[in-house]
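Okay, so here's the structure we're looking at.
The values are calculated or read from the model by the stated rules, or taken from the named source; none is laboratory data. Here the structure is a predicted model, which is why all the values come from computation and not from measurement. Here Cβ is always computed from backbone atoms with ideal geometry, including for glycine, and neighbour counts include all displayed protein chains.
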Amino acid sequence: MHAHAHCSACSGRLQQDYSTQAQKDSFLPYSIKIVSRPTELLSRRAMDKYEAYAALVKGITEMKFEGDPQPCILTLTGDNVLPIAVSTRGDVLVAAAVYGKGRIVVTAHETYMQDFSFLTPDGQFIKNAIEWLMPYTHAWVGVYGTSNLNKDNLPGISVKSLSNYDRTVGVFCRNAYNDTQVEDLLDFVRGGGGLLIGGQAWYWSSTHRGVDFNEEFPGNKLTGPAGILFTNQYGEKGTFPIPSELPNLEIQS
C-alpha cells in the first residue's frame, strides 16, 4: 500500500523561504516547530549550522535517491537539527543533529550508508559525515550491520566491525532496526561520540499496527531525543540538488 498519506502532526515536509532579511534577523537559518519532546541544549561541541552544513556537503552538488530503496520521510522536531538533503517536494531524506556533546547523522534508508552507488559518487557524503562526527582526530569508527563501511572504502580512517557498541570507538555506524544498547548509545553521544544511522519506519509500522512508531520504532529511540524521527511515510525518490549554502527552511505545522 502506497504510504503517501500526509500526517500534519509529524510533518517532515519543508517549505523553502529564501528571505535574506529573515536570515539577517535571526541566528537560526530556519525555524523549527517542536512537535514532540524538546532536545537537549547545545553543549561543548556546539553546532554552528552554517559551518556544519558546509562540512557535511563539502564537494557535493547533488544526492541520488534512485533505484530500489524506498526511503521514509524524516521529521525534524527540535532546535538543534539540520536538514542536509531535501527532495523537490520538501521531504527530508538526510539530517544531522547535535545531542549533548555529540553528533548524529541520519539517512532515510540504511542502503544509503551501505552502498556507495547511492547519495554521492565514491561515498563522499558518508566520508564527510564520519569526519564531522569524529570527536577527535583519528578516532576509531565502529561498524555494525553495514559491511561496505570498511577500510577499503574509507581510506585513512580506522574502521572495525563490531557486533555491539563496545566503548572503544569515537563514531558508531548502524542500522535503525535494533533497540539493544539504546541507553549505552545515548550516553555515548551525550558524552561526545558520533552516531551514523540509517533506516526507514514504513515497513516496521506496517507490521506493528496500532503501535506509536514515533516512540517505539527502534531507530527513533536513538534519534528521537536528538530531534530526528523516522516516519511511516514514503519519501520522494530522485536526484536532488544540494545547495552550496544552507537555505532558509521552515517546517509546516
For the subset of segment 101-144 comprising residues that are under 15 Å from the mean Cα position of the chain (by Cα), part of a strand (DSSP E or B) and of a type in the set (A, V, I, L, M), which member is surrounded by the most Cβ atoms within 10 Å (Cβ to Cβ)? 106
Being closer than 18 Å to residue 139 by Cβ and either touching a residue at least 12 places away in the same chain (Cβ under 8 Å) or within 17 Å of the chain's Cα centre (by Cα) (or both) is the filter here, so list the residues in segment 187-229 that pass it. 188, 189, 190, 191, 192, 193, 194, 195, 196, 197
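Listed here are the residues, each with its yes/no results for (1) more than 14 Å from the chain's Cα centre (by Cα); (2) surrounded by 24 or more Cβ atoms within 10 Å (Cβ to Cβ); (3) assigned to a loop (DSSP other than H, G, I, E, B).
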| position | (1), (2), (3) |
| --- | --- |
| 54 | yes, no, no |
| 67 | yes, no, yes |
| 70 | yes, no, yes |
| 79 | yes, no, yes |
| 83 | no, yes, no |
| 92 | no, yes, no |
| 95 | no, yes, no |
Can you say whether residue 156 is closer than 23 Å to residue 109 by Cα and either crowded, with 20+ Cβ neighbours inside 10 Å or small (Gly, Ala, Ser) (or both), as far as the supplied structure shows? no
Segment 169-186 - residue that is among the charged types (D, E, K, R) and over 18 Å from the mean Cα position of the chain (by Cα) and, of those, surrounded by the fewest Cβ atoms within 10 Å (Cβ to Cβ): 183
On the basis of being in contact with a strand residue (DSSP E or B) (Cβ under 9 Å, 6 or more places away or on another chain) and surrounded by fewer than 14 Cβ atoms within 10 Å (Cβ to Cβ), does residue 206 make the cut? yes
Is there a residue in segment 230-247 that is under 24 Å from residue 101 (Cβ atoms), modelled with pLDDT of 95 or more and outside any helix (DSSP H, G or I)? yes
